Each structure stands twice: as structure tokens, then as C-alpha cells.
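The values are calculated or read from the model by the stated rules, or taken from the named source; none is laboratory data. Keep in mind that what you see is a predicted model, and the values were worked out from it rather than measured. Reconstructed Cβ throughout: ideal geometry from the backbone, glycine too, with neighbour counts over all protein chains shown. Only protein heavy atoms, including side chains, enter the accessible area calculation; ligands, DNA and RNA are left aside. Shrake-Rupley method; radii C 1.70, N 1.55, O 1.52, S 1.80 Å.
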Amino acid sequence: QVQLVESGGGLVQPGGSLRLSCAASGRVSSIAAMGWYRQAPGKQRVLVATINNGGSTNYAASVKGRLTISRDSAKNAVYLQMNSLGPEDTAVYYCVVITVMGSYWGQGTQVTVSS
């Protein structure tokens, strides 16, 4: 089992920045990749970005150049630096950890972009 704790969401004005954090605990040695998904109101949960053990990253086209995923393997943590935020980025953001046993999800953190 892997437990995840997310933090860093909140209200930000258009054009602003936020940094999300996610810390993993439990069977962290089984982690193959970490990432972020988001779910806007009335929409499906979609991929934002992932990063694997080798440091390779994958981004949704809509966030490339604005959002940056990073990982601290020593702390078993993954981060999402979000810049130039717009109203379309408003969603609940979920941390996900992919292991050989399956995927584990965080509880979600709300990000609201509004003036």
C-alpha cells in the first residue's frame, strides 16, 4: 500500500502561479512513476503530467510550457509548478503513484483560478 498526502491548492488570479506537492509513504520502493491528473466540474479526470523513475516526463498538450512536474526521490515526493494559470486550469488536482501492484490516488486538492 502507498499513502499520498497532497498540498498547495488554493485560489489564484489569472496569470498567477501555484505549486502543488504530494508526499508518498508506505511501500514507496515499488513506485515506478508519479504524476498528476485533474478533474474539472462536469468533466472526466484527465492526465496533466507524469514523471518516471528515470526522470522522463510526459505532459498534456494543454499544459506544456506552463506546468512543470518534478520529483524528489529522496523524499518520495512529486511537485507540480503551475505558471500562467487561466480559468481553464480550475479543477481538483489528484496525485497518482504507479506501482507494480497498481495505482494509488491522493485525495485531491482544489485549484481555482479566478479574479
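Put simply, of G108, G102, G42 the only residue that is open to solvent by less than 70 Å² (accessible area, probe 1.4 Å) and over 14 Å from the mean Cα position of the chain (by Cα) is G102.
Against the list (1) open to solvent by less than 60 Å² (accessible area, probe 1.4 Å); (2) touching a Ser or Thr at 6+ places or on another chain (Cβ under 6 Å), the condition V48 fails is (2).
Taken over the range 59-85, the residue count meeting the criterion of being under 13 Å from the mean Cα position of the chain (by Cα) and assigned to a loop (DSSP other than H, G, I, E, B) is 2.
For the range 73-85, taking the residues that are open to solvent by 40 Å² or more (accessible area, probe 1.4 Å) and modelled with pLDDT of 95 or more, the one that is nearest to V2 (Cα to Cα) is identified as Q81. Would you check if L20 is of a type outside the set (V, I, T), part of a loop (DSSP other than H, G, I, E, B) and buried (at least 16 other Cβ atoms within 10 Å of the Cβ)? So L20 does not fit the description; no. As for the range 86-103, it holds at least one residue that is farther than 17 Å from E6 by Cα, part of a loop (DSSP other than H, G, I, E, B) and small (G, A, S). For the range 24-39: of the residues being part of a helix (DSSP H, G or I) and open to solvent by 30 Å² or more (accessible area, probe 1.4 Å), which is farthest from S103 (Cα to Cα)? For the range 24-39, the residue satisfying everything is S29. Taking the stated definitions as given, is G54 within 23 Å of G102 (Cβ to Cβ), open to solvent by 50 Å² or more (accessible area, probe 1.4 Å) and either modelled with pLDDT of 95 or more or out of contact with any Pro (no Cβ under 6 Å at 6 or more places or on another chain) (or both)? Yes. Under the condition of being over 15 Å from T109 (Cβ atoms) and either among the hydrophobic types (A, V, I, L, M, F, W, C) or open to solvent by less than 70 Å² (accessible area, probe 1.4 Å) (or both), the residues counted in the range 1-13 number 1. Sub-9 Å Cβ pairs linking a first residue in the range 98-115 that is under 13 Å from L18 (Cα atoms) to a second residue that is part of a strand (DSSP E or B) and of a type in the set (F, W, Y), at least 6 apart or interchain, are T109/Y93; T109/Y94; Q110/Y93; V111/Y93, ordered by first then second residue.
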